[in-house]
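Engineer: So that we are looking at the same thing, I have put the structure below in C-alpha cells.
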Amino acid sequence: MSQLNDVLLDGSIPGESLTHEFGTMPYDQLPEIEDPVEALDYHLDRMQEPKIRKAMADAIELGIPIKDLNLGMLRSAVYQSKHDMDAMFTIASVTHEALELLAEEEGIDDYLTGFEPTEEEMEKEYTVESLKARKLLQKHAKTGDLKGITEDDLQSAKPEVSGILVASMESDPMAIEEDMPEQEMTPPKGLMARGT
C-alpha cells in the first residue's frame, strides 16, 4: 500500500515552495525527461513493474477512478522533476488508456473511469428532455387529440418511468421558453437586502 501512497499522495502542498530555499526541492530542478515520448515510455515501463502494477490494480478494484489515479501518477512525476507539465498533459490520455487496459488485463470489469455522468447531469438532461416532450405534445394536441404526429415523432419520443414522453433532440430548445409560465420575483429580505 506504500507504493500506492507514493503514486497518489506524493505531491506538493500549496505554498510549500515558499517555506524552503529555492533549488532544494525536487520540483525546483530541471526535468530529467524533456521528450513526451520518453516520458510516456517512463510511465509505461513503471506500470509493468510488479509492485506498482499490483498497487494500481488494487486501487482500481477498490473504486478509485482511473482518471484520479492517472493524474496522481503524472503529478507525482512532475513533483519529482521526472518530466514537466507540458509532457504530462501531452501523454495523459495515453496513460489513461494504459490504466484501463491494465484493469482489463487484471480481470477488473466494473472499474470507474472518472468520466461517468453524475446524477446532477442526468437530472438536467432529463429535465430538458421532459420540456421538449411537453413542447411536442402542445404542438400536436391543439385539436384535442394527437392527430398530426408522424411515425418519426413517435420513434424519436421515448416513454420514461414517470409516464412523460421524452422528445428527441430535433425539437427547438429555445422555443420552450415561450411556453414557460413567468415566475413572480419576490424582493430579497434580510440584513443584506438592498434598501429602497
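Engineer: Restricted to segment 63-88, and to residues that are under 19 Å from the mean Cα position of the chain (by Cα) and open to solvent by 60 Å² or more (accessible area, probe 1.4 Å), which residue is farthest from L112 (Cα to Cα)?
Structural biologist: Initially, segment 63-88 is screened for residues under 19 Å from the mean Cα position of the chain (by Cα), giving 63-75, 88.
Still in the list and also open to solvent by 60 Å² or more (accessible area, probe 1.4 Å): 67-68, 75.
Values: K67: 8, D68: 10, R75: 20 Å.
Among those residues, the one meeting the criterion is R75.
Residues checked against (1) at pLDDT 90 or above; (2) touching a Pro at 6+ places or on another chain (Cβ under 6 Å):
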{"residue": "A87", "(1), (2)": "yes, yes"}
{"residue": "T90", "(1), (2)": "yes, yes"}
{"residue": "A103", "(1), (2)": "yes, no"}
{"residue": "K132", "(1), (2)": "no, no"}
{"residue": "L136", "(1), (2)": "no, no"}
{"residue": "A141", "(1), (2)": "no, no"}
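Engineer: For the list (1) among the polar types (S, T, N, Q); (2) exposed (fewer than 11 other Cβ atoms within 10 Å of the Cβ); (3) touching a residue at least 24 places away in the same chain (Cβ under 8 Å), I need the number of the one condition that Q29 fails.
Structural biologist: Tallying (1) among the polar types (S, T, N, Q); (2) exposed (fewer than 11 other Cβ atoms within 10 Å of the Cβ); (3) touching a residue at least 24 places away in the same chain (Cβ under 8 Å), Q29 fails exactly one: (2).
Engineer: Residue under question is E21, and the condition is that it be acidic (D, E), open to solvent by 50 Å² or more (accessible area, probe 1.4 Å) and assigned to a loop (DSSP other than H, G, I, E, B); does it hold?
Structural biologist: Working: acidic (D, E): yes; open to solvent by 50 Å² or more (accessible area, probe 1.4 Å): yes; assigned to a loop (DSSP other than H, G, I, E, B): yes.
Criteria met by E21.
Engineer: In segment 56-108, what residues are of a type outside the set (F, W, Y) and without any contact (Cβ under 8 Å) to a residue 24 or more places away in the chain? Walk me through how you get there before you give the answer.
Structural biologist: First, the residues of segment 56-108 that are of a type outside the set (F, W, Y): 56-78, 80-88, 90-108.
Matches in segment 56-108: L62, L71, M85, A92, S93, E97, L101, E104, E105, G107.
Engineer: Ok, one more. (1) modelled with pLDDT of 90 or more; (2) closer than 23 Å to S93 by Cβ: which one isn't true of L8, the others all being true?
Structural biologist: The one condition L8 does not meet is (1).
Engineer: For segment 21-69, enumerate the residues that are of a type in the set (V, I, T) and in contact with a helix residue (DSSP H, G or I) (Cβ under 9 Å, 6 or more places away or on another chain).
Structural biologist: Here is the first cut: in segment 21-69, the ones of a type in the set (V, I, T) are 24, 33, 37, 52, 60, 64, 66.
If the condition is that a residue be of a type in the set (V, I, T) and in contact with a helix residue (DSSP H, G or I) (Cβ under 9 Å, 6 or more places away or on another chain), then I33, V37, I52, I60, I64, I66 are the ones that fit.
Engineer: Restricting the search to segment 24-56, which residues are more than 18 Å from L99 (Cα to Cα), acidic (D, E) and not in a helix (DSSP H, G or I)?
Structural biologist: Listed by number, the residues that qualify are E32, E34, D35.
The values are calculated or read from the model by the stated rules, or taken from the named source; none is laboratory data. Note that the coordinates shown come from a computational prediction; the quantities given were computed from them, not determined experimentally. All Cβ positions, glycine included, derive from the backbone under ideal geometry; neighbour counts span all protein chains shown. All accessible areas refer to the heavy atoms of the entire protein, side chains included, with ligands and DNA or RNA removed. Shrake-Rupley method; radii C 1.70, N 1.55, O 1.52, S 1.80 Å.
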